[in-house]
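Below you'll find the structure, written out as structure tokens, and then a few comments.
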Amino acid sequence: MDTKEQIKSFLNACAELKNCKFIMATTNLKDLLKRIVNCSELYRLFEAVTKDFDYLLVKSKCLVSSNDGIFSKSYVLLPQTIGERLAFIFCLLVEFDRETVNFNDFLRVYYQEDGSYYAGYLSFCSQIIDSLSECIEHVFRSKLAEPDLKIENSLPPADYKKAELVSAISLSLSREMSFIESSSLSDDDKESAVKILSGLNTAVKYGDEELIDALLCGYNYFILYNKCQSDGIEALINLILEYVGGETV
């Protein structure tokens, strides 16, 4: 399947999400991520838009809650630019995939509609998935207009798992940085920790296993010495160990 066919297949999968049974929603959302990492052009696009993307900061602005003293309402406000919108939606899908955000709870809070999950799911698709499709169509409008070519352009199965882990590790590192920045550590210690975590993120993206091992050991010593351990550190370490092929803790 060439790139054009893969992108069209991805767009069709987005369209089919609206018509699927709600019980299959999370499975089909996971399938979108698989399609992204199995198409090199889509993978490169999302790799580019998520580079240096501060997901937690953007997430705090996009997930809005308001209360006028009588009624409270929560809703999703998507970023204005195509790059940030794609990055935000991708990271949100990764959170659903990794279950760091429960999809049903997300619908219940941000897509209340008539109170039913299915109505909320349709509203979610109309805003999030339709926006994803529109952005992809805009980015690849020239590619989609090209004549059909039969060129293999997909990632091998082994790369799918690797790419999925890179995304999950990046999100987990972002949470760890937020934990450090909101901790009672001194400013110098915070700066040192964030430098280690930023270095880890870069090392993971480039697949530098020796540097990953050195930085992970350094950060492990740092949190033990400073007695500053987050709730998510074990999950982060396990993701990194899975990435480099080591035994999880």
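The values are calculated or read from the model by the stated rules, or taken from the named source; none is laboratory data. Just so we're clear, the structure is a prediction, and the values are computed from it rather than from any experiment. Heads up, the Cβs are rebuilt from the backbone with ideal geometry, glycines too, and the neighbour counts pull from every protein chain shown. Ligands, DNA and RNA are stripped out before the accessible areas are found, and what is left, the full protein with its side chains, is counted by its heavy atoms. Shrake-Rupley method; radii C 1.70, N 1.55, O 1.52, S 1.80 Å.
Hey, does the stretch 167-176 have a residue that's part of a helix (DSSP H, G or I) and more than 27 Å from PHE90 (Cα to Cα)? Please lay out each step first, then the result.
First, the residues of the stretch 167-176 that are part of a helix (DSSP H, G or I): 167-176.
Remaining after also requiring more than 27 Å from PHE90 (Cα to Cα): none.
Within the stretch 167-176, none of the residues are part of a helix (DSSP H, G or I) and more than 27 Å from PHE90 (Cα to Cα).
From TYR110, TYR118, grab the single residue that is open to solvent by 20 Å² or more (accessible area, probe 1.4 Å) and in contact with a strand residue (DSSP E or B) (Cβ under 9 Å, 6 or more places away or on another chain). Write out each step before concluding.
Details: TYR118 fails: in contact with a strand residue (DSSP E or B) (Cβ under 9 Å, 6 or more places away or on another chain).
Answer to the check: TYR110.
If you take just the helices (runs of 4 or more DSSP H) that sit entirely in the stretch 26-101, which of them hold at least 2 residues that are over 25 Å from LYS162 (Cβ atoms) and free of Cβ contacts under 8 Å to residues at least 40 places away in the same chain? Lay out the reasoning, then the answer.
Numbers: elements: 40-50, 55-62, 82-98.
Once the helices (runs of 4 or more DSSP H) in the stretch 26-101 are filtered for at least 2 residues that are over 25 Å from LYS162 (Cβ atoms) and free of Cβ contacts under 8 Å to residues at least 40 places away in the same chain, what remains is 55-62.
Within the stretch 209-235, can you find the residues that are under 24 Å from the mean Cα position of the chain (by Cα), under 18 Å from VAL194 (Cβ atoms) and hydrophobic (A, V, I, L, M, F, W, C)?
LEU211, ILE212, LEU215, LEU216, ILE233
Which residues, taken from the stretch 138-168, are closer than 15 Å to PHE46 by Cβ and modelled with pLDDT of 55 or more?
Of everything in the stretch 138-168, those that are closer than 15 Å to PHE46 by Cβ and modelled with pLDDT of 55 or more turn out to be HIS138, VAL139, PHE140, ASP159, TYR160, LYS162, ALA163, GLU164, LEU165, VAL166, SER167, ALA168.
Determine whether GLU134 is within 14 Å of PHE10 (Cα to Cα) and more than 14 Å from the chain's Cα centre (by Cα). Before the answer, list the steps.
Working: within 14 Å of PHE10 (Cα to Cα): yes; more than 14 Å from the chain's Cα centre (by Cα): yes.
Taking the combined requirement at face value, the residue satisfies it.
Quick one: how many residues across the stretch 224-236 are closer than 20 Å to VAL204 by Cα and open to solvent by less than 30 Å² (accessible area, probe 1.4 Å)? I'd like the intermediate steps shown before the answer.
We begin by selecting, within the stretch 224-236, every residue closer than 20 Å to VAL204 by Cα; these are 232-236.
Narrowing further to those that are open to solvent by less than 30 Å² (accessible area, probe 1.4 Å): 233, 236.
Count: 2.
Restricting attention to the stretch 61-91, which residues are hydroxyl-bearing (Ser, Thr, Tyr) and open to solvent by 60 Å² or more (accessible area, probe 1.4 Å)?
Taking the stretch 61-91 first, the residues hydroxyl-bearing (Ser, Thr, Tyr) are 65-66, 72, 74-75, 81.
Answer for the stretch 61-91, where residues must be hydroxyl-bearing (Ser, Thr, Tyr) and open to solvent by 60 Å² or more (accessible area, probe 1.4 Å): SER65, SER72, TYR75, THR81.
Return the residue satisfying two criteria in turn: it lies in the stretch 1-25 and is free of Cβ contacts under 8 Å to residues at least 40 places away in the same chain and of a type outside the set (Val, Ile, Thr), and of such residues it is surrounded by the most Cβ atoms within 10 Å (Cβ to Cβ).
Initial filter on the stretch 1-25 (free of Cβ contacts under 8 Å to residues at least 40 places away in the same chain): 9, 12-13, 16, 19-21, 23-24.
Within this subset, residues satisfying the condition of being of a type outside the set (Val, Ile, Thr) are 9, 12-13, 16, 19-21, 24.
Details: SER9: 14, ASN12: 12, ALA13: 18, GLU16: 12, ASN19: 7, CYS20: 15, LYS21: 10, MET24: 11.
Once the filter is applied, the top-ranked residue is ALA13.
Report, by residue number, each residue of the stretch 177-192 that is over 12 Å from LEU56 (Cα atoms) and assigned to a helix (DSSP H, G or I). Reasoning before the result, please.
Within the stretch 177-192, the subset over 12 Å from LEU56 (Cα atoms) is 180-192.
Those that are over 12 Å from LEU56 (Cα atoms) and assigned to a helix (DSSP H, G or I): ILE180, GLU181, ASP187, ASP188, ASP189, LYS190, GLU191, SER192.
Scan the stretch 128-140 and report the pairs whose first residue is farther than 18 Å from PHE106 by Cα and open to solvent by 20 Å² or more (accessible area, probe 1.4 Å) and whose second residue is part of a helix (DSSP H, G or I) and β-branched (Val, Ile, Thr), with Cβ atoms within less than 8 Å and a gap of 6+ or a chain change.
Every condition considered, the pairs that remain are HIS138/ILE82; VAL139/ILE82.
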